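Below is one structure. I have some questions about it.
The values are calculated or read from the model by the stated rules, or taken from the named source; none is laboratory data. Bear in mind that the values here come from a model prediction, so they are computed numbers and not experimental data. Note that we place each Cβ from the backbone using ideal geometry, even for glycine, and neighbour counts take in every protein chain shown.
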Amino acid sequence: MSNANHNPGRRRLLQGVAATWLLSVSSVGLAAASHVIAVRIWPSSTYTRVTLESNVPLKYKQFALSNPDRIVIDIEDVHLNSVLKGLAGQVRKDDPYLKQARVGQFDKNTIRLVLELKQSVSPNMFTLAPVAEYRNRLVVDLYPTKGGSGEEYDPLLALLEDYNKGDLERSLPAEAPQAGKAGRDRPVVIMLDPGHGGEDPGAIGKNKTREKDVVLQIARRLSALIKREPNMKVFMTRNDDVFIPLKVRVAKARKQRADLFVSIHADAFTNRSARGSSVFALSTKGATSNTAKFLAQTQNAADEIGGVSKSGDRYLDHTMFDLLQTATINDSLKFGKEVLSRMGKINPLHKKRVDQAGFAVLRAPDIPSILVETAFISNIEEERKLRTSHFQQQIAESILAGIKAYFANGGALAHQ
């Protein structure tokens, strides 16, 4: 994504006259024939991602052409197959950035992928090593350039750009707390975080229900409820099937100066009998249970599965850890207790207290933050419930009731 105008983005893309070879090879890759085994396109209002999955790392180069605007990617030692031919059919008419995709055999050892664009974009390309069910991936993220669509620039795009450059910390200067008590002198600002998204489906139930879809539906229902409240304002970390890195989710909450952060998930376990709702808060001193530790490790792996460029890894967590205050975690526990007690009225609780672990998405140093596991998607009965609009609405209503109770009991005084 570009933070500059159209031309600098184009210059970065061209990198001069000659395109730069980007090489990712291994001893296995040198010996094995390259095969593209899957192609996927993830359109969203934030950015569009194109993914090519292969049995070995791919060697490629890119350059830009105009009239019409398009990105050209040449991939070496690959031959056209039915998987690649299917890429064109995955482009949706409502994709904000990608108009069409064409793939052809450029020469006997090279395929050429042409992405024709609807507007000026700044691409971010990188490779990913195998993880979870994915093999090697070549990722092409198409971010709009500033003002490219003629609409107001989404601050999330600026955060994604800073993250991709490894400068996310720089984009979050310390700001004075909002004036007045939240809910009394000004609206309560709530950030909803539907977990997973895009390349990261989250947990998948026996009947193929994907966690990322269910939690987005619940978050949208909760957002609609909050918007009806006269003293509340709501934002979402994502409102599409798009992957947003965990640190960017936290950064967006801080950028919007949220009073509360609610990450919404659907639990999973190897034993399908496990069931019930749970609420978690951050711990900087180790997990309060093996369950919480396992869950945090699972959720923190989202970036690897969803796919982030290595440049984003240059951002270190130590600053946020240094800033974390006991008061914020204590507020998170109070907030979580209110939500948990309301959820217990609509679904059995997996645990009757708020559990804690080192969840990356709960690390905002100045925002009470909780992670809600709505139910076990791995449990056949709870998976069925999660698919129903009735249960989704009940979950949304119980979280809102917990939010109201927390503020009624004097919560989040740090944001006065």
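So, residue 72, is that one hydrophobic (A, V, I, L, M, F, W, C), in a strand (DSSP E or B) and surrounded by fewer than 18 Cβ atoms within 10 Å (Cβ to Cβ) or not?
In short, yes.
Can you name the number of the only condition in (1) surrounded by fewer than 20 Cβ atoms within 10 Å (Cβ to Cβ); (2) modelled with pLDDT of 90 or more; (3) more than 17 Å from residue 61 (Cβ to Cβ); (4) under 23 Å from the mean Cα position of the chain (by Cα) that residue 146 fails?
Of everything listed in (1) surrounded by fewer than 20 Cβ atoms within 10 Å (Cβ to Cβ); (2) modelled with pLDDT of 90 or more; (3) more than 17 Å from residue 61 (Cβ to Cβ); (4) under 23 Å from the mean Cα position of the chain (by Cα), residue 146 misses just condition (2).
If you don't mind, another one. Assess whether residue 120 counts as being more than 21 Å from residue 38 (Cβ to Cβ), exposed (fewer than 15 other Cβ atoms within 10 Å of the Cβ) and not aromatic (Phe, Trp, Tyr).
Judged against the criteria, residue 120 is not a match.
Residue-by-condition table, conditions (1) under 20 Å from the mean Cα position of the chain (by Cα); (2) of a type in the set (Val, Ile, Thr); (3) surrounded by fewer than 22 Cβ atoms within 10 Å (Cβ to Cβ); (4) within 20 Å of residue 357 (Cα to Cα):
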position	(1), (2), (3), (4)
197	yes, no, no, no
224	no, no, yes, no
227	no, no, yes, no
245	yes, no, no, yes
249	yes, no, no, yes
260	yes, no, no, yes
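The conditions are (1) buried (at least 22 other Cβ atoms within 10 Å of the Cβ); (2) acidic (Asp, Glu); (3) part of a loop (DSSP other than H, G, I, E, B), and residue 193 fails exactly one of them. Which is it?
All conditions are met except number (3).
With the requirement that a residue be part of a helix (DSSP H, G or I) and crowded, with 16+ Cβ neighbours inside 10 Å, what does the range 75-102 give you?
If the condition is that a residue be part of a helix (DSSP H, G or I) and crowded, with 16+ Cβ neighbours inside 10 Å, then 83, 84 are the ones that fit.
Now, a different point. Could you check the range 241-255 and list, in sequence order, the residues that are in a loop (DSSP other than H, G, I, E, B) and either aromatic (Phe, Trp, Tyr) or in contact with a helix residue (DSSP H, G or I) (Cβ under 8 Å, 6 or more places away or on another chain) (or both)?
Result: 241, 243, 244, 245.
Name the residues in the range 55-69 that are crowded, with 18+ Cβ neighbours inside 10 Å and aromatic (Phe, Trp, Tyr), would you?
Scanning the range 55-69 gives a single hit, 60.
Restricted to the range 166-218, and to residues that are at positive phi and in contact with a strand residue (DSSP E or B) (Cβ under 6 Å, 6 or more places away or on another chain), which residue is modelled with the lowest pLDDT?
Taking the candidates together, the pick is 180.
I'd like to verify a number: residues in the range 370-392 that are in contact with a Ser or Thr (Cβ under 8 Å, 6 or more places away or on another chain) and surrounded by fewer than 22 Cβ atoms within 10 Å (Cβ to Cβ), how many?
1
Could you give me the residue pairs with C-beta distances under 6 Å whose first residue belongs to the range 288-309 and is closer than 15 Å to residue 131 by Cβ, whose second residue is among the charged types (D, E, K, R) and surrounded by 16 or more Cβ atoms within 10 Å (Cβ to Cβ) wherever it lies, and which are 6+ apart or on separate chains?
As it stands, the answer is 302/200; 305/200; 306/199; 306/200; 307/199, since those pairs meet every condition given.
Take the conditions at negative phi and buried (at least 24 other Cβ atoms within 10 Å of the Cβ) and apply them to residue 367. Does it pass?
So residue 367 fits the description; yes.
For the range 278-313, give me each residue that is more than 15 Å from the chain's Cα centre (by Cα) and surrounded by fewer than 17 Cβ atoms within 10 Å (Cβ to Cβ).
284, 285, 286, 289, 290, 294, 297, 310, 311, 313
Residues in the range 221-247 that are within 27 Å of residue 303 (Cβ to Cβ) and touching a residue at least 40 places away in the same chain (Cβ under 8 Å): how many?
16
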